[in-house]
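The values are calculated or read from the model by the stated rules, or taken from the named source; none is laboratory data. None of these values were measured; they are calculated from a predicted model. Cβ atoms come from the backbone with ideal geometry, glycine included; neighbour counts cover every protein chain shown. Protein only, heavy atoms only, side chains kept; ligands, DNA and RNA dropped before computing areas. Shrake-Rupley method; radii C 1.70, N 1.55, O 1.52, S 1.80 Å.
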Amino acid sequence: MSNSLGPIDTLKSLLRTTLRITVTDGRIFLGAFVGTDKPMNILLMETEEFRLGPGENPNGRYVGQVMIPWKMITKIEAQDEVLETRDQLGKDMRAGYIM
Amino acid sequence: MFNFNPINAINSLAMDVDYEIPGGDEFRDITELFAQASAAMHSEQMIMMDGFSLHDAMSALEIGEPRLDTGMTIGTQRKQPFNPLTPLLPEELCWIIDRSISYEMEWHTSNQLVHTVFTLLYIHHFQEIDPDMLPYAHLLVRDPDRPLELVTVVLRAYVSGLLKSCDLAWRELVKGGVNDTEDWQADKCEVSLLEGWPVKAAIARLKEAIGWLMNTTKVPSNWRDALTLRLEFRLSLLKLQENNVFHDPATFRQLLFDARGLLSHIKVSTVPAPPENSPAHTAFDPYVARRLNTFMPIRVVELPPQEETWVKLQDWLDGWEELVTLAKIGDVSTWNIVGNLCNLLPTISLRPAYVRSSTQSAFFDGILVLNQYPSTWLVDRFFFETLGVHYNRIATFFGGPGSTRMRDVERSIIKTIVPHIRGQWFNPPRRRRHFAKEIFEWHVVYDILSIIITDLDYSTLSSRDSALVLASPLIPLYHRFSCMREIILSGFQLELYSANEKDFAYWYAAKIVEDQLNLLDKIIGVQVLLSVQETEAHQELHFQRVFLTALQIMCEAMFSLLVKSDVPRTQSWSQTRMNLMRRYKWAFLERYDDCETLPVGSPPRLREYLFDMSEVIDDELNPPSEGFSLAQSILSGLVESESNKPVPVFAGPSGRACVGGWAADWREERLKVLHILIETCENIGRVKDKSSCPKLKWDPKKSLWFPLLEESGRE
């Protein structure tokens, strides 16, 4: 994830994009990233909750706007496509194609 | 020769699913990026999307917070995974069915579907147990005690019947007669109640399952009978729900009779809970809400003992019995009396919301009254059932029914009567609030009629006709007084009043009843003049006059007893006055200023209350016990005369004229009310003087609106 932006700016560039967050009890949340703070409480909108396994809900359920505390999070993922576009933008900026 | 464990094979059928990671594989881990950003941020810094404020963030659901996060699993809540195709013993199936009925009844007791019916996991795996989807599954099960058809044929049919029953109930409840979140809970969490299935399809499944049970040799006969009973009972319930009480009352009654018989058999064949390691226990998940589309916090509904479920079902059937009896009665007053009695008698528990809603719909379905009359029919009943004279006879003097002058009257009568009767089947607090609003509507009817009758030239009318026209505004007033009395007295049943408010409530009730008695004298006078003494209307008013006389005496005696008691008041008069203004705000409405006629019976005259209080305190000659004794003798006389009354010619074969004119088949219930009041008079009448210092206890389940002496306080 090499680009010219610092971690805070990189995070800002991810606002509105879809994040996939896995939490300690195995659930997976898929929602639009709308904000965070220093303790890394992550806010997602239009979120769906998934629980994999027999008798669970692999089709997901809508939970709307959620705040996931850092202590609950085991993994945060962003879409490749978004990251690649952003990486390309970083490269273009370094190469001077974009001023 | 195949060599495999059949249970594992079945498990693999249901569980061999390749779970796809939600969102797909094209995601990259950026957890480290967040950690770096956190380290770089200063303590107050926040990163927010444009247009998204901290205030917006406050409404987010916190994951990991057990009270809000319905999806969170706490260690103790984890249970064995559920496999819908696990073969079951017939007794396990019976237990599951009985338990699901208990949950169904809990839904009808105003719990959430997600906490009750939907905890049965087969509902969420309905397609997976479809025998058409598993043509060879039964070949895999070799356990002769656990034929797979018990799940795929019997249980599936039962679940379809259960869901369809809930669907039919949901459709009735959503009509709006009873209140969502108050009387019942509508949230379906996007789970199907087989809305797309015709009832006949569920009935066909049940019949097919019954047929399989009858012919199979795979199930022991005792369990085969037990299962058949349960399926047949569900079948009867479904048919009852589908049938309209008006279309074929005879069939409805037969179905009710059958359902009662089946229920009595089920009651005696209680199924013990299966052992702890039985797969039947995995069939229910009280935490199922965590994976359904709902924001409802998890609540584990504790099921009552099975006997209680049967009692609730019995109550359900009783409600239907009452409905089918009512449906054949075309007298609005009888509906009103029955509604009142349901709220009054401690022996009749509040019917389930579904039955109450069905009763409301049976009375008025939005178009027709009692499935056959236009709403204008109510106007005729309004006059006929109180005055004993048809509306035509009154309307003739003003251009006839439907004339321009009478249209407002008719509209306002219909607008008031329909919600009034339907309101009798609200829950008790809602009913009381509804009546508090309704008394203004009765005043509007009274106001319009009072204005209309002043325009008439009475010199051209006979004395009878004049009396008839002049009496017409008294009819809405009579109903208004009845409502006011009910609002005040039902406050005792709902245990609304504090110790400081009780004496005023009895005083005000006594005043209202006194006004109503004066009104009754006038109406009865007109009835006599019109020679309608042989009508039910006259019988009813006569009954009411005697009953209300006793009630007024009881209220006055109770007021006197409370005022004379040594219990000190904990409020100043100004505080009490403020409280009364709030408690009786329905009587102090400013809207009455919009009407030409002054309201009768409200607002209460607080000065008169204080004056009566001081008089009672000084009055040594009329102890309250004498009042109760007098009321008791009046009520006993009424019971005796009404019980021994010969059935009048007009009453018809059911003897409906007994105990008032309109009690119909509910005469026994009406007599019960009188008996309760007689017992109350006898009980409180024991207090001879102030020195005996009675300790009174208000228990609406025992004595309606009046207290009883506590055991220790008895002489």
Subject >> Share of carbon and sulfur in the accessible heavy-atom surface of chain B [1.4 Å probe, %] >> reply: 54 percent
Original post:
Which value, in nm² and rounded to one decimal, describes the direction-averaged projected area of the C-alpha convex hull of the stretch B:87-319?
Top reply: 13.0 nm²
Subject >> Out-of-range pairs (alpha-carbon distance over 28 Å; input B:LYS511/B:LYS585; B:LYS175/B:LYS702; B:LYS312/B:LYS702; B:LYS239/B:LYS701; A:LYS38/A:LYS75; B:LYS175/B:LYS415) >> reply: B:LYS175/B:LYS702; B:LYS239/B:LYS701
Subject >> Taking the stretch B:87-319 and dividing mean pair separation by its residue count, relative contact order in percent (alpha carbons under 8 Å, at least six apart) >> reply: 32 percent
Original post:
Using only helices, what value at 222 nm comes out for chain B when you add -39,500 (n - 2.57) per DSSP H run of length 4 or more and divide by the total residues, to the nearest 500 deg cm²/dmol?
Top reply: -18000 deg cm²/dmol
**OP:** Calculate how steeply helix B:667-684 sits against the longest principal axis of the alpha-carbon atoms of chain B, using the helix alpha-carbon long axis, and give the answer as 0 to 90 degrees to the nearest 10.
**Re:** 70 degrees
**OP:** Assign one of three labels to the stretch B:215-327, namely rounded, prolate or oblate, based on the Cα gyration tensor with a ≥ b ≥ c the square roots of its eigenvalues; rounded applies when a/c is under 1.5, prolate when it is not and a/b is larger than b/c, and oblate otherwise.
**Re:** oblate
Subject >> Peptide A:31-39 - average C-beta neighbours from other chains (10 Å radius) >> reply: 6
Original post:
Sorted by mean Cβ packing within 10 Å, highest first, what order do the peptides A:40-52, B:96-108 take?
Top reply: B:96-108, A:40-52
Subject >> Relative contact order for chain B, counting Cα pairs under 8 Å that sit 6 or more residues apart, in percent >> reply: 11 percent
Original post:
How about B:LYS564: which aspartates and glutamates have a C-alpha closer than 16 Å to its C-alpha, ignoring those fewer than 8 places off in the same chain?
Top reply: B:GLU501, B:ASP503, B:GLU556, B:ASP612, B:GLU615, B:ASP618, B:ASP619, B:GLU620, B:GLU626, B:ASP689
Original post:
Rounded to a whole number, what % of the accessible area of the stretch A:7-78 do carbon and sulfur atoms account for, probe 1.4 Å?
Top reply: 51 percent
Original post:
So how far, in whole Å, is the C-alpha centre of the stretch B:319-363 from the one of the stretch B:211-226?
Top reply: 40 Å
Original post:
What distance in nm separates the simple spin-label points at B:PHE52 and B:LEU461, each placed 7 Å from Cα in the Cβ direction?
Top reply: 7.4 nm
Original post:
When the accessible area of each residue in the stretch B:287-312 is compared between its chain alone and the complete protein assembly (1.4 Å probe; ligands, DNA and RNA ignored), which residues differ by at least 30 Å², being lower in the assembly?
Top reply: B:ARG290, B:ARG291, B:ASN293, B:PHE295
Subject >> Chain lengthening between B:ALA186 and B:PHE246 when straightened (0.36 nm per residue, less Cα-Cα) >> reply: 18.9 nm
Original post:
If you roll a 1.4 Å probe over the heavy atoms of the protein chains, what accessible area per residue do you get for chain B, in Å²?
Top reply: 44 Å²
Subject >> ³J(HN,Hα), Karplus 6.51/-1.76/1.60, whole Hz, each residue of the stretch B:258-274, x for Gly, Pro >> reply: 4, 4, 4, x, 5, 4, 5, 6, 4, 3, 7, 10, 5, 9, x, 5, x
Subject >> Acute angle (nearest 10 degrees) that the helix B:573-583 long axis makes with the longest principal axis of chain B, alpha-carbon atoms >> reply: 60 degrees
Original post:
Between B:ARG430 and B:ASN518, what is the FRET efficiency for a Förster distance of 30 Å, r being their Cβ-Cβ separation, to the nearest 0.05?
Top reply: 0.45
**OP:** Can you pull out the buried accessible area for chains B and A, both sides counted, probe 1.4 Å, rounded to the nearest 100 Å²?
**Re:** 4900 Å²
**OP:** Restrict the search to the stretch B:196-278; then list the GluC sites (Glu not before Pro) that DSSP places in a loop and that have at most 13 other Cβ atoms within 10 Å of their Cβ.
**Re:** B:GLU276
**OP:** Over the stretch A:7-78, average the accessible area per residue using a 1.4 Å probe and give it in Å², no decimals.
**Re:** 34 Å²
**OP:** At most 16 other Cβ atoms within 10 Å and a DSSP loop assignment: could you name the chymotrypsin sites (Phe, Trp or Tyr not before Pro) in the stretch B:556-634 that fit?
**Re:** B:PHE588
**OP:** Select from the stretch B:400-495 those GluC sites (Glu not before Pro) which occupy a DSSP coil region and have at most 11 other Cβ atoms within 10 Å, ordered by residue number.
**Re:** B:GLU495
Original post:
Under unit Cβ charges (Lys, Arg +1; Asp, Glu -1), what dipole magnitude, rounded to 20 debye, does the stretch B:87-319 have relative to its Cα centre?
Top reply: 440 debye
Original post:
Using Cα pairs under 8 angstrom and six or more residues apart, how large is the relative contact order of the stretch A:7-78, in percent?
Top reply: 32 percent
Subject >> Buried on assembly, the stretch A:67-87 (at least 40 Å² less accessible surface than by itself, 1.4 Å probe) >> reply: A:MET67, A:TRP70, A:ILE76, A:ASP80
**OP:** Classify the protein assembly as shown as rounded, prolate or oblate, taking a ≥ b ≥ c as the square roots of the eigenvalues of its Cα gyration tensor: rounded when a/c is under 1.5, otherwise prolate if a/b is larger than b/c and oblate if not.
**Re:** prolate
Original post:
What list of ³J(HN,Hα) values in whole Hz, one per residue of the stretch B:443-458 in order, does the Karplus curve 6.51 cos²θ - 1.76 cosθ + 1.60 (θ = phi - 60°) give from phi, with Gly and Pro shown as x?
Top reply: 5, 4, 4, 4, 4, 4, 5, 4, 5, 4, 6, 6, 7, 7, 8, 6
Original post:
Taking +1 at the Cβ of each Lys and Arg and -1 at the Cβ of each Asp and Glu, which of B:VAL153, B:VAL616, B:MET46 sits farthest along the dipole of the protein assembly as shown towards its positive end, judged by Cα position relative to the Cα centre?
Top reply: B:VAL616
Subject >> Most to least packed among B:420-428, B:28-36 [average Cβ atoms within 10 Å] >> reply: B:420-428, B:28-36
